[in-house]
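Single-structure report; data block below.
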Amino acid sequence: MLGFVLPLLAQVQIREAGSGATTCEGKNDAFCPGFVIDNINDYVSPFLEHIVLVLASVLAGFVVAMVLAIVSHGRRWLIPVFIGTTGVLYTIPSIALFLLLLPITGRGTVTALIALSLYNLQIIYRNANAGLANVPDAAKDAGRGMGMTDRQLLWQVELPLAMPAMVAGIRVAAVISVGTATIAAAVGAGGLGEYIFRGLSMVDPTVILAGAVPAAILALIVDGALLVAERALRIGGRWAKPLVVAAVLALLAAGAVAGLSRLGAAPRETIIRVGSKNFTARSPRKATAICDRGSRSRPGTQR
């Protein structure tokens with residue numbers, strides 16, 4: 001028996017991982033840009049899903065927060081109540097809030113949109129309330145001197161003057177939502193978080209970065225665009241404010257429409273999962289590595 005095993009063991013060659021490979025995937029490097037470039041088409045759909053989640057949740061949070069701000073503007077005793085309530089929601093850990101909603105709304109986009117919208121309430125409401133409170137008394141006195149009612153004063157004087165502070169709140173909420181939306185993948189809502197969770201499960205830095213880097217770039221783009229809009233509202237001319245407000249609301253509305261259409265297009269059949277795991281047995285780029293090494297295998301060599 002020993003005479004049969006020893007010749008077989010003599011043919012075994014122990015090599016370092018990645019030896020003999022010529023590609024980044026075959027060498028098993030920490031980050032392979034070529035893998036991301038070759039699979040760029042696979043990232044378009046999650047990137048668009050991520051944008052829809054952010055825009056739809058920010059719009060929903062903005063609408064609810066503005067209603068709360070207008071209601072509490074004439075009833076100052078409601079401000080501590082609304083700030084405290086939205087503050088409690090904001091302090092709930094994000095992954096915990098997603099999981100708390102699962103038994104109620106189930107897996108999917110609805111759960112993600114509700115959670116993200118609740119997180120946006122505190123930020124947008126605080127900024128809207130601060131903007132309305134900081135309207136100069138001289139402007140309000142001038143409006144009253146022209147015979148404006150309280151409603152006219154609110155819509156024609158106070159809200160336009162408070163708009164820069166509101167856009168600043170939308171800016172902060174949108175940037176935070178880009179990061180928080182990556183957790184939406186845990187409840188089946190898609191987005192760039194799918195690659196982050198997949199990479200963590202496979203301990204593959206390339207797949208993690210394939211989801212994290214686009215999310216970071218998207219956050220920078222959103223922050224820069226809304227910063228320009230905020231400054232235009234502060235120093236812009238007569239037509240700058242209506243155009244900026246219309247552009248921001250149109251963009252948020254487009255995201256909301258896309259989110260609603262996605263909900264309507266969701267499959268209706270019930271999916272029953274008997275057993276599964278949240279990751280594949282091997283990384284997709286590890287498969288490339290195996291093929292790369294296998295092409296250099298010699299007869300009688302075992303790896």
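Coordinate-derived values only; no laboratory data. All values derive from a computational prediction rather than experimental measurement. Please note: Cβ atoms are built from the backbone with ideal geometry, for glycine as well, and neighbour counts cover all protein chains shown.
Once R0 is set to 22 Å, what does the formula 1/(1 + (r/R0)^6) return for the Cβ-Cβ distance between T91 and A133, expressed as a FRET efficiency to the nearest 0.05?
0.40
What FRET efficiency comes out for L100 versus S45 if R0 is 35 angstrom and r is the Cβ-Cβ distance? Round to the nearest 0.05. Given R0 = 35 Å and the Cβ-Cβ separation, E is 0.80.
In percent, rounded to a whole number, the relative contact order of the range 42-264 is 30, using alpha-carbon pairs under 8 Å and six or more apart.
If you sort the three axes of the alpha carbon gyration tensor as a ≥ b ≥ c, you get a/c of 1.5 or more for the range 57-183 and a/b above b/c, which makes it prolate.
For L78 and R151, the difference between the fully extended length at 0.36 nm per residue and the C-alpha to C-alpha distance is 24.4 nm.
Whole-Hz Karplus values for the range 105-121 come out as 9, x, 6, x, 5, 4, 4, 5, 5, 5, 5, 5, 5, 5, 5, 6, 4 Hz, taken residue by residue from phi with 6.51 cos²θ - 1.76 cosθ + 1.60 and θ = phi - 60°; glycine and proline positions read x. On the principal axes of its alpha-carbon atoms, the range 42-264 has extents of 68, 36, 30 Å, going from largest to smallest.
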